Amino acid sequence: MPHNLAKAASGSSLKGQLTLLTDRRITLGALLILFSAAALYAYYTYIRPLLTTGLGFSTTALTWLLLALGIMNILGNRLSGFVAERHGLRTLPRFYLIDIVLLLSLPFTMSLPLIGLNILLVLALIISVVNAPIQIHFLEVAEAEYPQATLLASSLNAIFFNIGISFGSATAAGMMAYGGLASLGYGGAAFATLALITVLILNHVIRKSQSKKTVANQQK
């Protein structure tokens, strides 16, 4: 993350902070985080039975499998920072397309444990790649136009990620009740599709906003 971010002015009012949420670039970013977290937890909520009952791995191997997923998630955080430094939000649509393909493929790998495991490992690497780019986006918008709401901007990622966990977990429970473990990938794919649509709209809104600023500067 950048080290030179402006701090919120002391005594900023609640109304001044909440003004940030009226900006479409912020609300779309918040939805993007929500859908991304929901896509993750639509299957990760049941990761243990998915690995053992679904893919057929032994409970003895479970610890090592979870360790491998954790390592991939750590690498995913590094990848997120790398993406944030190089074009950020503009590169995210391709990651969501990969997420959708992998999540739709997951139900068909219940009898193919090694393939299913590799899908889960790749998902662990890329499904949270949005974190750093969207956090920087929130802070840049706040710093430029809503300096009184910088503290709120810095917390939006965590707030909407937790809301997304609730949506994803509820969806996972519903999919389990009606379709079993094999259906979990479909719920995740649905949320990943919503995330893809959201990031495409967000990128369009950002480009439009930047174009308006460029025209305004040229007219000065």
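When Tyr178 is tested against the conditions (1) without any contact (Cβ under 8 Å) to a residue 24 or more places away in the chain; (2) farther than 18 Å from Thr22 by Cα; (3) under 22 Å from the mean Cα position of the chain (by Cα), the lone failure is (3).
In region 111-165, how many residues are of a type in the set (A, V, I, L, M), free of Cβ contacts under 8 Å to residues at least 12 places away in the same chain and under 18 Å from Gly88 (Cα atoms)? Total satisfying the criteria: 1.
Among the residues here, Leu51 does not qualify as part of a helix (DSSP H, G or I), over 17 Å from the mean Cα position of the chain (by Cα), among the aliphatic types (A, V, I, L, M) and surrounded by fewer than 14 Cβ atoms within 10 Å (Cβ to Cβ).
For every residue, the table says whether it meets (1) in contact with a strand residue (DSSP E or B) (Cβ under 7 Å, 6 or more places away or on another chain); (2) within 19 Å of Leu28 (Cα to Cα); (3) modelled with pLDDT under 95.
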site: Thr150; (1), (2), (3): no, yes, yes
site: Asn162; (1), (2), (3): no, yes, no
site: Ser166; (1), (2), (3): no, yes, no
site: Ala172; (1), (2), (3): no, no, no
site: Leu181; (1), (2), (3): no, no, yes
site: Leu196; (1), (2), (3): no, yes, no
site: Leu200; (1), (2), (3): no, yes, no
site: Asn217; (1), (2), (3): no, no, yes
site: Lys220; (1), (2), (3): no, no, yes
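Within region 80-95, residues that are surrounded by 12 or more Cβ atoms within 10 Å (Cβ to Cβ) reach partners that are modelled with pLDDT under 90 and among the hydroxyl-bearing types (Ser, Thr, Tyr) with beta carbons closer than 7 Å, at six or more positions or on different chains, in the pairs Ser80/Ser128.
The values are calculated or read from the model by the stated rules, or taken from the named source; none is laboratory data. Predicted model, so just to flag it, every value in this text is computed and none were measured. Ideal geometry is used to build each Cβ from the backbone, glycine not excepted, and the neighbour counts take in all protein chains shown.
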